[in-house]
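The values are calculated or read from the model by the stated rules, or taken from the named source; none is laboratory data. The structure presented is a predicted model; accordingly, all values stated were derived computationally and were not measured. For neighbour counting, all protein chains shown are included, and Cβ atoms are generated from backbone atoms with ideal geometry for every residue, glycine included.
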Amino acid sequence: MTTIGLTVNARAVKASVEPRTHLADFLRDHLNLTGTHLGCEHGVCGACTLLLDDMPARSCITFAAACDGARVTTIEGLDDDEIATELRAAFTREHALQCGYCTPGMLISARDLVLRLDTADERAVRIGLSGNLCRCTGYVGIVRAVRSVIEERRKHGVLPIPGAGREQLGPVGSGDGASTGAGEVALPPAKVDAGNQEQFKNSGATDIPDFVPDNTFENHFTVAAPPDKVFEMFGDIRRVAACLPGASLTGQPTPERVEGVIRVKLGPIAANFRGVARIDRDRANRSGRIVGTGSDQRSRSSTQGEIRYRLVPLEQGIATGVELSIGYSLRGMLAQIAREGLVRDLAARLTADFAGNLDRQLSGAAESGPAEQAKAINGVTLIFDLLRTRVRQIVRMVWGR
């Protein structure tokens with residue numbers, strides 16, 4: 001017997017298995033995850049397809065003992081996944097299943113196509129699904145369903161992830177996808193990836209499109225400095241980035257455009273949102289707007305954001321009220337965690353931190369101290385702080401009654 005440790009559907013699992021036990025048998029017989037179906041048991045039909053280290057893999061020809069340390073996601077682990085939810089609805093709408101035996105593996109393969117195909121090309125979809133066999137439908141409804149999800153997401157500005165985040169070809173399941181070892185072949189640069197890179201490097205600020213955010217909320221804070229001084233600082237993107245927790249620049253900024261990364265940590269999930277933003281400023285009204293887009297390949301999440309600000313003189317012009325309107329759209333794994341109410345509370349906390357750092361910058365206190373490297377936004381710490389605040393509010397309400 002061999003002792004293995006896996007992360008199955010975000011849950012740590014330890015077990016003893018015989019070296020000859022296949023992963024599909026282990027999941028079905030030991031963990032009762034029967035959504036992984038067994039068909040040919042030769043790796044041909046695709047019914048047993050699941051995600052191994054976030055890549056589709058055949059579990060009927062994969063030894064469980066070879067997956068020690070790996071992340072396994074079965075169809076049950078995609079219950080709340082955004083793309084899988086859209087695909088299930090499309091499969092129902094397009095009559096893309098009959099007996100349903102092939103459907104779990106078909107959905108996982110289709111999800112991979114939705115992530116990485118830049119257009120809903122029928123030939124590309126059919127080739128991508130050629131490893132998943134169906135004896136009922138004739139594939140017409142399946143292909144139509146997958147194409148409809150791709151078209152809808154691209155229409156709403158959700159960009160594909162080149163290679164679905166893969167950096168090399170080779171065996172999956174080792175739990176170490178960061179290094180290229182013997183037997184692995186580096187993937188050639190994807191055409192869409194090269195285009196995105198060129199867009200980030202060479203495009204003008206006007207190439208960053210406007211968008212309609214899914215969620216919008218207002219916030220405000222006050223700083224002890226005149227409006228003109230605050231407006232001038234908002235024009236220095238390096239100083240602004242230094243005030244924002246988790247943010248750092250990755251390129252030389254211009255007055256109209258900036259490239260950067262925001263680091264976020266939510267429990268075991270660490271994300272680096274790399275992207276580009278367009279900067280608009282209106283000196284006459286002491287207002288401005290920042291519109292940006294970014295993605296994190298590791299969590300397969302993408303975001304679009306817009307921050308509008310307006311500076312209002314306070315206390316005869318010796319202080320400034322900063323009025324913010326924040327809009328965002330989030331797609332991918334992190335969208336399953338970042339519910340609107342939680343995002344609002346986290347944004348309020350981050351705004352408070354930003355306001356404090358801004359005050360120190362304007363007063364010169366930050367310049368005299370040692371420079372600090374941007375730290376990741378720790379969502380767990382913020383959540384616990386918010387929970388404590390909510391508990392205190394509830395206690396006050398109860399005692400008030």
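So if I check each of 82, 76, which one is charged (D, E, K, R), farther than 22 Å from residue 41 by Cβ and in contact (Cβ under 8 Å) with a residue 24 or more places away in the chain?
Of the residues listed, the single one that is charged (D, E, K, R), farther than 22 Å from residue 41 by Cβ and in contact (Cβ under 8 Å) with a residue 24 or more places away in the chain is 82.
Return only the number of the condition from (1) assigned to a helix (DSSP H, G or I); (2) of a type outside the set (Phe, Trp, Tyr); (3) surrounded by 18 or more Cβ atoms within 10 Å (Cβ to Cβ) that residue 72 does not satisfy.
For residue 72, the failing item is (1).
Tally the residues that are of a type in the set (Ser, Thr, Tyr), assigned to a loop (DSSP other than H, G, I, E, B) and out of contact with any helix residue (DSSP H, G or I) (no Cβ under 9 Å at 6 or more places or on another chain), restricting the search to the range 278-319.
Residues flagged as of a type in the set (Ser, Thr, Tyr), assigned to a loop (DSSP other than H, G, I, E, B) and out of contact with any helix residue (DSSP H, G or I) (no Cβ under 9 Å at 6 or more places or on another chain) within the range 278-319 amount to 0.
For the range 97-127, name all the residues that are assigned to a helix (DSSP H, G or I) and farther than 12 Å from residue 46 by Cα. Don't jump to the end; show me each part of the working.
Taking the range 97-127 as the starting set, the residues that turn out to be assigned to a helix (DSSP H, G or I) are 103-116, 122-127.
Residues satisfying the conditions are 111, 112, 113, 114, 115, 116, 122, 123, 124, 125, 126, 127.
If you take the residues in the range 291-324 that are of a type in the set (A, V, I, L, M), modelled with pLDDT of 90 or more and buried (at least 20 other Cβ atoms within 10 Å of the Cβ), which one is nearest to residue 244 (Cα to Cα)?
Among residues in the range 291-324 that are of a type in the set (A, V, I, L, M), modelled with pLDDT of 90 or more and buried (at least 20 other Cβ atoms within 10 Å of the Cβ), the one nearest to residue 244 (Cα to Cα) is 322.
Please go through the range 148-175 and pick out each residue that is part of a helix (DSSP H, G or I) and at pLDDT 70 or above.
148, 149, 150, 151, 152, 153, 154, 155, 162, 163, 164
Look through the range 325-341, keep the residues that are touching a Lys or Arg at 6+ places or on another chain (Cβ under 9 Å) and in a strand (DSSP E or B), and return whichever of them is modelled with the lowest pLDDT.
The residue in question is 331.
If I filter the range 153-168 for residues that are surrounded by fewer than 20 Cβ atoms within 10 Å (Cβ to Cβ), of a type outside the set (Gly, Ala, Ser), within 21 Å of residue 38 (Cβ to Cβ) and out of contact with any Lys or Arg (no Cβ under 6 Å at 6 or more places or on another chain), do I get at least one hit?
Taking every residue of the range 153-168 in turn, none turns out to be surrounded by fewer than 20 Cβ atoms within 10 Å (Cβ to Cβ), of a type outside the set (Gly, Ala, Ser), within 21 Å of residue 38 (Cβ to Cβ) and out of contact with any Lys or Arg (no Cβ under 6 Å at 6 or more places or on another chain).
Quick grid of which residues meet (1) of a type in the set (Ser, Thr, Tyr); (2) under 21 Å from residue 138 (Cβ atoms):
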{"site": "72", "(1), (2)": "no, no"}
{"site": "79", "(1), (2)": "no, no"}
{"site": "85", "(1), (2)": "yes, no"}
{"site": "91", "(1), (2)": "no, yes"}
{"site": "97", "(1), (2)": "no, yes"}
{"site": "105", "(1), (2)": "no, yes"}
{"site": "111", "(1), (2)": "no, no"}
{"site": "119", "(1), (2)": "yes, no"}
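Failed condition for residue 130, given (1) without any contact (Cβ under 8 Å) to a residue 12 or more places away in the chain; (2) under 20 Å from residue 10 (Cβ atoms), with all others met?
Of the numbered conditions (1) without any contact (Cβ under 8 Å) to a residue 12 or more places away in the chain; (2) under 20 Å from residue 10 (Cβ atoms), the odd one out for residue 130 is (2).
Which residues, taken from the range 1-17, are within 19 Å of residue 76 (Cα to Cα) and surrounded by 14 or more Cβ atoms within 10 Å (Cβ to Cβ)?
6, 7, 8, 9, 13 - these are the residues of the range 1-17 that are within 19 Å of residue 76 (Cα to Cα) and surrounded by 14 or more Cβ atoms within 10 Å (Cβ to Cβ).
Output the number of the condition that residue 207 fails; it satisfies all remaining conditions of (1) surrounded by fewer than 16 Cβ atoms within 10 Å (Cβ to Cβ); (2) modelled with pLDDT of 80 or more.
Residue 207 satisfies all of (1) surrounded by fewer than 16 Cβ atoms within 10 Å (Cβ to Cβ); (2) modelled with pLDDT of 80 or more except (2).
Which ones in the range 48-63 are in a loop (DSSP other than H, G, I, E, B) and at pLDDT 95 or above?
48
Any residue in the range 32-45 that's of a type in the set (Gly, Ala, Ser): show its pairings with residues that are modelled with pLDDT of 90 or more and assigned to a loop (DSSP other than H, G, I, E, B) at Cβ separation under 8 Å, as long as the two are six or more apart or on different chains.
What qualifies is 35/74; 39/45; 39/46; 39/47; 39/48; 39/101; 39/102; 39/133.
So, residue 54, is that one surrounded by 15 or more Cβ atoms within 10 Å (Cβ to Cβ) and of a type outside the set (Phe, Trp, Tyr) or not? Can you show your working first?
Numbers: surrounded by 15 or more Cβ atoms within 10 Å (Cβ to Cβ): yes; of a type outside the set (Phe, Trp, Tyr): yes.
Spelling it out, residue 54 is indeed surrounded by 15 or more Cβ atoms within 10 Å (Cβ to Cβ) and of a type outside the set (Phe, Trp, Tyr).
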